[in-house]
1. Applying 1/(1 + (r/R0)^6) with R0 = 30 Å to the Cβ-Cβ distance of LEU45 and VAL256, what FRET efficiency is obtained, to the nearest 0.05?
2. With r defined as the distance between the Cβ atoms of LYS267 and SER53 and R0 fixed at 25 Å, what FRET efficiency is calculated, to the nearest 0.05?
3. For the peptides 214-225, 71-82, 234-245, what is the packing order when you average, over each peptide's residues, the other Cβ atoms within 10 Å and list the highest mean first?
4. Just subtract the alpha-carbon distance of ILE138 and GLN238 from 0.36 nm times their residue separation and send over the number in nm, one decimal.
5. Could you tell me the calculated FRET efficiency between PHE77 and ILE30, based on Cβ-Cβ distance and R0 = 25 angstrom, to the nearest 0.05?
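Here, each number is a calculation from the coordinates, and none is a lab measurement. Fair warning: this is a prediction, and the values are worked out from it, not measured in the lab. Cβ coordinates were reconstructed from backbone atoms using ideal geometry, including for glycine residues, and neighbour counts include every protein chain displayed.
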Amino acid sequence: MEIKSYQDQAELFVKEYLLSDSVIPYTSVICGICACMMVYDITQLFCNVYFKSYPSLSKIKQIEWSNRSISTFHAIFIAIMSLYFVFWSDLYSDHQYADLVAFRSSALSTFTHLAVSVTEQIVQVSVGYFLVDLGMIIWFYPFLGGMEYVVHHLLAVAAVAYSMLTGEGQLYTFMVLISETTTPGINLRWYLDTAGMKRSRAYLINGVVIFVAWLVARIILFVYLFYHVYLHYNQVKQLNTYGRLLIVIVPLVLSVMNLMWFGKIIKGMRKTLAKRK
């Protein structure tokens, strides 16, 4: 009977507190943070056993190695889900539902007994990742990234958190998050460089993949985003002032940063190709 009582209390705590409508966004953020830390620890254990060069790396290099595994894991997850919701799901179709696309979110449930949207859960977990990564960048600044990374993550946290808390503009949040498809290639480039494989064929192929992925996901897709906002501006302008600013300003600033980074990618690619001639 005592064990049953503890079980009932645990179930009540989970249902009434951790999974209540008002608390679940923060529960999901915490789950995202815990998932990031778990990936970080597993990466360290795995690499110490299976990568002979890992223990010989400096402490900061080992931290960056594990940090990049977190960003890779998040990028694969969020990119797949974002691509699905933007291009394959009917959720944001202009002809599928009567409500405005700028205010639309999924009505499917991810937790038992609670009508919490799938899209909101994904966005909430992503907030957890950006908070962890931003915290690590600031803590080890500037070894894990310069001021441009701090600005990038602050903008991402602001936009994704707004979408999480209000349920508005989720379509445009997912469009921006599709740009995470470039992250695994960027991280693989760093891994290959750290492993002394900068002159390998894999490094060259990865560079070409980064170029194409960046062009599509961070240049062309952002043009499509602005075009979509233009076509649906009569809906976008119904958002509050903060929401409208985030939908326009955040992608605009990120577009400028993406163009600057794209210039560096082209420059680096030219140097790599010139050395192989």
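1. Details: r = 40 Å, r/R0 = 1.32.
That gives a FRET efficiency of 0.15.
2. 0.35
3. On the way: 214-225: 16.7, 71-82: 19.8, 234-245: 14.2.
Top to bottom by mean Cβ count within 10 Å: 71-82, 214-225, 234-245.
4. Details: separation 100, 0.36 × 100 = 36.00 nm, distance 3.58 nm.
Going from the current span to full extension adds 32.4 nm.
5. Working: r = 17 Å, r/R0 = 0.67.
That pair, PHE77 with ILE30, gives E of 0.90.
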